[in-house]
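Quick notes on the structure that follows.
None of the figures in this text is laboratory data; all of them are computed from the coordinates on show. None of the values given here were measured: they were computed from a predicted structure. Methodologically, a virtual Cβ is constructed for each residue, glycine included, from the backbone with ideal geometry; neighbour enumeration extends over all protein chains shown.
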Amino acid sequence: MKRKVLFLAVAVSICATLAHAGTVAYWRFEEGPDGAQVSHGGLPDGEFYPGVVDVSGSNNNLSVWNESWAGYIYRSETAYSKVPLNGFENNYSVKNSGGYPAMWTDSSSSISKITPAAFTIEATFKLENGGYKTIVGRDSRGSVTQGENPNADLAALYFQTVPNNGFAIKFCDVSGYWHEAIAPENSYIGFDWGTDPDGEQAPWYSMAAVSDGATLSLYLIQIGSGEGWKLIAQTDLTASGSPNTALTAGTGDGNDWDAGNWTVGRGLYAGGHGDRAYGYIDEVRISDSALSVSEFLVPEPATLVILGLGGLGLLKRRTR
């Protein structure tokens, strides 16, 4: 009980510190303790319970699906002991406790309605190798109706890995156009659960996706490498011909999702949960403005070179 009271007091203090324009949600996963399941409040599987506090002060809390095969465990492994930008103590990350991890925001929360003209998504993580793994997503089906090869099965947003250890930021805008910036293969070193289930051989990364309404950029830093931020992918949003590149609030509805809800640790495709992010996730922040590198949670110098492309060339659009 004392620990819960102390955590709530700290959360209130942090909320007061972060209550400024731009931060829409900030999930720190500091409830703990190490080895405990993220709480689902004893509710039936799939019911919303605000087990992960949004310290931004906006009350956009996260729920896990349950406390077992679709949940998360607090782990004491972290990328840094204090968050570089704000100095907050960083005691825990979360790691999936089963094969179907899922966290999401409630449809009644304010974040489910936002359609920001500019946005920034940040997260710190180390993940398993291979495949699509959505670190942050936004639920939707049927919103992509314009542009080249519209695909109704796409969700509203994916901040994710792609096959062969690449990265991507992809989203649909309010006009129905699809945008994406995809980094080259082998952009990160992951781990294999069969031989290294705790990811001891994999480094930590922080990634940030930034849209200013005209350009979509994806930045990556390997924590502790001394290399600073790298711009790993970039796309000209204006080339799509869209009259409005603000992020869509999503469309459609499902038995286990609602349009506009944000997810952590899973994505949505063709109306079904998937693209699960197996591994560690920490310090997830969403802003409704285009932050500069100096404003990221890990504010290291940026190296503005797209890895493997030899310049700031635009990446070819894909539909998945």
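The count of lysine pairs in the chain that are at least 8 places apart or cross chains, and whose C-alpha atoms lie under 29 Å apart, stands at 25.
Here the Karplus curve 6.51 cos²θ - 1.76 cosθ + 1.60, taken at θ = phi - 60°, turns the phi angles of segment 196-203 into couplings of 8, x, 9, x, 5, 8, 9, x Hz, with x standing for Gly and Pro. As a test of the formula, what do you get for the chain when each DSSP H run with n ≥ 4 contributes -39,500 (n - 2.57) and the sum is divided by the residue count, at 222 nm and rounded to the nearest 500 deg cm²/dmol? That comes out to -2000 deg cm²/dmol.
The phi-based Karplus calculation (6.51 cos²θ - 1.76 cosθ + 1.60; θ = phi - 60°) puts the 3J(HN,Hα) values of segment 277-287 at 8, 7, x, 9, 9, 7, 6, 9, 10, 10, 10 Hz, whole numbers, x for Gly and Pro. In order along segment 129-138, the Karplus-derived 3J(HN,Hα) couplings, from 6.51 cos²θ - 1.76 cosθ + 1.60 at θ = phi - 60°, round to 6, x, x, 7, 9, 8, 6, 9, x, 9 Hz, and Gly and Pro are given as x. Remark on Arg75: its backbone amide H falls under 5 Å from those of Gly35, Ser93, Val94, Lys95, a criterion applied only to residues 5 or more positions apart or on other chains, H modelled at 1.01 Å from N. Highest average first, the peptides 281-291, 225-235, 134-144, 23-33 ordered by how many other beta carbon atoms sit within 10 Å of their residues are 134-144, 281-291, 23-33, 225-235.
Evaluated with a Cβ-only charge set (Lys, Arg +1; Asp, Glu -1), segment 188-270 carries a dipole of roughly 280 debye about its Cα centre, given to the nearest 20.
Backbone amide hydrogens, once placed in the peptide plane, bring Val136 within less than 5 Å of Phe159, Gly265, excluding anything fewer than 5 places away on its chain. Only Cα pairs under 8 Å and 6+ residues apart enter the sum, and on that basis the relative contact order of segment 53-198 stands at 16 percent. In the chain, Cα pairs under 8 Å separated by at least six residues give a relative contact order of 22 percent.
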